[in-house]
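*Asks:* My structure is below; once you've seen it, I'll send some questions.
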Amino acid sequence: MKFGYTILYVDDVRRTLDFYVAAFGLSVRFLHESGDFGELETGGTALAFSSRALMRQLGKQPSAPDSGAPCFEIAFVCDDVALAVDRAVAAGARLVQAPEAMPWGQTVAYVADLEGFLVELCTPVGG
């Protein structure tokens, strides 16, 4: 078994894909012609988005994220966290926590995406 993808529920899949391309330098792997589902190229595992409208049609009631009380986060590993934060904020992300050196050797920062999902920007662990 291998981990295939994570799906975040959003209001506007195309807008979200465009934001992630601009904010984090990712590329679009797939966007369904309906606009209700899309994936980003993130390495071995895709980051995917489905519209909340589609989820409601399928009988689910997705809740909106809250970066102030998150139930999870996604993380992007990079070499220059400050630069990554600046790029994300310039694309419309909201700064949640400025870059900070952690005792275990990582530099970590947090932003909230357009929907309010918490996104960690960090250096590799131990480096």
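Readers should treat all values here as calculations from the given coordinates under stated rules, not as data from a laboratory. Bear in mind that the values here come from a model prediction, so they are computed numbers and not experimental data. Please note: Cβ atoms are built from the backbone with ideal geometry, for glycine as well, and neighbour counts cover all protein chains shown.
*Asks:* Is the shape of the stretch 5-57 best called rounded, prolate or oblate, per the rule: a/c under 1.5 gives rounded, else a/b larger than b/c gives prolate, else oblate, with a ≥ b ≥ c the square roots of the Cα gyration tensor eigenvalues?
*Replies:* Values: a/c = 1.95, a/b = 1.54, b/c = 1.27.
Prolate, since a/c reaches 1.5 and a/b exceeds b/c.
*Asks:* What residue among G44, G25, G35 shows peak mean-square fluctuation when the chain is described by a Gaussian network model with Cα springs under 10 Å?
*Replies:* G44
*Asks:* Once both labels are modelled 7 Å past Cα along the beta-carbon direction, what's the F72-E100 spacing in nm?
*Replies:* 2.4
*Asks:* Under the Karplus relation 6.51 cos²θ - 1.76 cosθ + 1.60, θ = phi - 60°, what is the ordered set of whole-Hz ³J(HN,Hα) values for the stretch 25-30, x standing for Gly and Pro?
*Replies:* These are the phi-based 3J(HN,Hα) values: x, 7, 10, 6, 8, 7 Hz.
*Asks:* Taking 0.36 nm per intervening residue step and subtracting the Cα-Cα distance, what contour gain separates V28 from D12 on full extension?
*Replies:* Details: separation 16, 0.36 × 16 = 5.76 nm, distance 1.46 nm.
4.3 nm is the gain from fully extending V28 to D12.
*Asks:* Still on this structure, I have one more. Mind listing the phi-derived Karplus ³J(HN,Hα) values for the stretch 7-23, rounded to whole Hz, using 6.51, -1.76 and 1.60 with θ = phi - 60°, and x for any glycine or proline?
*Replies:* So the J values, rounded to whole Hz, are 10, 9, 8, 9, 6, 9, 4, 4, 4, 5, 4, 4, 4, 5, 5, 6, 7.
*Asks:* Which value, in debye to the nearest 20, gives the size of the charge dipole of the chain about its Cα centre, when Lys and Arg are +1 and Asp and Glu are -1 at the Cβ? Show your work: numbers first, answer last.
*Replies:* On the way: 9 positive and 16 negative charges, 68 e Å.
With Lys and Arg at +1 and Asp and Glu at -1, about 320 debye.
*Asks:* Here is a further query. Rank F24, T123, G43 by how far each Cα sits towards the positive end of the charge dipole of the chain (+1 on Lys, Arg Cβ; -1 on Asp, Glu Cβ) and give me just the farthest.
*Replies:* With unit charges placed on the Cβ atoms, the residue in question is G43.
*Asks:* Continuing with the same structure: Quick one: among E41, E33, E115, which has the greatest mean-square fluctuation in a GNM of the chain with alpha-carbon springs under 10 angstrom?
*Replies:* In this elastic network of the chain, the residue with the biggest mean-square fluctuation among E41, E33, E115 is E33.
*Asks:* As a test of the formula, what do you get for the chain when each DSSP H run with n ≥ 4 contributes -39,500 (n - 2.57) and the sum is divided by the residue count, at 222 nm and rounded to the nearest 500 deg cm²/dmol? Working shown, then result.
*Replies:* Numbers: 3 runs with 28 residues, N = 127.
So the helix-based figure for the chain works out to -6500 deg cm²/dmol.
*Asks:* Further question on the same structure: Report, in degrees rounded to the nearest 10, the 0 to 90 angle that the Cα long axis of helix 81-90 makes with the longest principal axis of the chain.
*Replies:* 40
*Asks:* Most mobile of T107, T16, T45 per a Gaussian network model of the chain (Cα springs, under 10 Å)?
*Replies:* T45
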